[in-house]
1. Only one of GLY324, GLY300 is out of contact with any Pro (no Cβ under 7 Å at 6 or more places or on another chain) and at pLDDT below 95. Can you tell me which?
2. Can you tell which of LYS262, LYS305 is among the basic types (Lys, Arg) and closer than 24 Å to ALA86 by Cβ?
3. Please go through segment 97-125 and give me each residue that is surrounded by fewer than 17 Cβ atoms within 10 Å (Cβ to Cβ) and away from the ligand (no atom under 16 Å from the Cβ), ordered by number.
4. Any chance you could count how many residues in segment 293-331 are touching a Ser or Thr at 6+ places or on another chain (Cβ under 7 Å) and exposed (fewer than 13 other Cβ atoms within 10 Å of the Cβ)?
5. Cβ-Cβ distance below 7 Å, separation of 6 or more or different chains: which pairs start in segment 286-312 with a residue that is within 21 Å of TYR322 (Cβ to Cβ) and end on one that is in a helix (DSSP H, G or I) and not aromatic (Phe, Trp, Tyr)?
6. What do you reckon, is PRO201 under 29 Å from HIS285 (Cα atoms) and touching a Ser or Thr at 6+ places or on another chain (Cβ under 7 Å)?
7. Taking the residues in segment 242-273 that are more than 14 Å from the ligand (Cβ to nearest atom) and part of a loop (DSSP other than H, G, I, E, B) as candidates, determine which candidate is nearest to LEU167 (Cα to Cα).
8. When residues of segment 110-125 are filtered for being under 30 Å from PRO191 (Cβ atoms) and either in contact with a Cys (Cβ under 7 Å, 6 or more places away or on another chain) or not in a loop (DSSP other than H, G, I, E, B) (or both), how many remain?
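The values are calculated or read from the model by the stated rules, or taken from the named source; none is laboratory data. This one's a predicted model, so the numbers in the text were calculated from it and none came from an experiment. Note: ideal-geometry Cβ built from the backbone for every residue, glycine included; neighbour counts use all protein chains shown. Surface areas here come from the heavy atoms of the whole protein model, side chains and all, with no ligands, DNA or RNA. Shrake-Rupley method; radii C 1.70, N 1.55, O 1.52, S 1.80 Å.
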Amino acid sequence: MLIKTHRDGFIHPFSSEITPQSAYQSRRDLMKLMATGAAGAALAGWAGREALAETVKPGKLAALPGAKSAVAGAVVMEKATDYKDASTYNNYYEFGTDKSEPAKNAHTLKTTPWTVTVDGLVGKPTTFGIEELLKLSAQEERIYRLRCVEGWSMVIPWVGYSMSKVLEKVQPLGNAKYVEFFTLNDPKTMPGVGSRVLDWPYIEALRLDEAMHPLAMLAFGMYGEVLPNQNGAPVRMVLPWKYGFKSGKSIVRMRLTDKEPKTAWNKAAANEYGFYSNVNPEVDHPRWSQATERRIGEDGLFAKKRKTLMFNGYEAQVGQLYAGLDLKKNY
Ligand code: MTE
């Protein structure tokens, strides 16, 4: 399914929106497909993903251990998603729109040398080398829920620290109100940026007070190892109370500004993806409900969907940031 955008082209919605269509396919259609061999090819694709998952196990990348975080709410006591699911079922459109593509394609991403420039309305604009950034603050392990706007969720042990540590270093000026995050846009190593699926680079943004919240994280690792490329190596954002698409991968620049920045998904479909994108079971996506979610790994025949929690369960920690704000308008 394609949706029209104001940019004279068409974009794909998140790829899982495509999947449910198969459920409507009549038995006759399916038989026709089988006769032409297309269904067989689809099944082979699925088997390919399973085979790929078999080869993806923790213990292959460099260790990046962190002490358990003391930040309030930073460790949820829920079973972590299997590493193989977290590292083979990804959204990283620069490497393809299918969930299995980033794990297959992201080996071309070159993560060293790597720098992150922090500039704009700051007293001390700085370009940090990745090694410097890694050591800027103690690495912590945080176990966060990640809720994707498509209706699925995972529980992931990230390794990193609060992004406020970096922002404090560059001394935000009094008129700085927002942070704009730029992710890598390299057509040579990222096959997906040749497509018009999004307006590249993938840009995300936060209000400065959201970015300064202790739960807002810069992650360098997961499951005690450095990040696999497909999960956003060498450094990504993780905002556990917002839909997953706010957590930009492979960050190269953070720019402080006084105007609300335009974000990639907002530009693509403004009525579907707002600036805030806080997880909110009471505000439906225009095309589907956000009241429940499917936890990846709990997909047996009788697996019940989970109720989605306000701010993804982090209301006690972040609710105050939105006091007085109409969350239906500011979705
Ligand atoms: N960052 C970039 N640069 N490109 C992307 O396509 N996808 C987002 C987000 N960050 C995306 C991105 C979406 S939609 C989600 S749900 C999360 O990354 C997925 O993170 P994960 O693959 O580590 O679970």
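1. Details: GLY324 fails: at pLDDT below 95.
That would be GLY300, the only listed residue that is out of contact with any Pro (no Cβ under 7 Å at 6 or more places or on another chain) and at pLDDT below 95.
2. Values: LYS262 fails: closer than 24 Å to ALA86 by Cβ.
Step by step, each of LYS262, LYS305 is checked, and only LYS305 is among the basic types (Lys, Arg) and closer than 24 Å to ALA86 by Cβ.
3. THR112, PRO113, THR115, THR117, ASP119, GLY123, LYS124, PRO125
4. 1
5. Short answer, once both residue conditions are applied: PHE311/VAL318; PHE311/GLY319.
6. Working: under 29 Å from HIS285 (Cα atoms): yes; touching a Ser or Thr at 6+ places or on another chain (Cβ under 7 Å): yes.
So PRO201 fits the description; yes.
7. Across segment 242-273, the extreme among qualifying residues is ASP258.
8. Of the residues in segment 110-125, 5 are under 30 Å from PRO191 (Cβ atoms) and either in contact with a Cys (Cβ under 7 Å, 6 or more places away or on another chain) or not in a loop (DSSP other than H, G, I, E, B) (or both).
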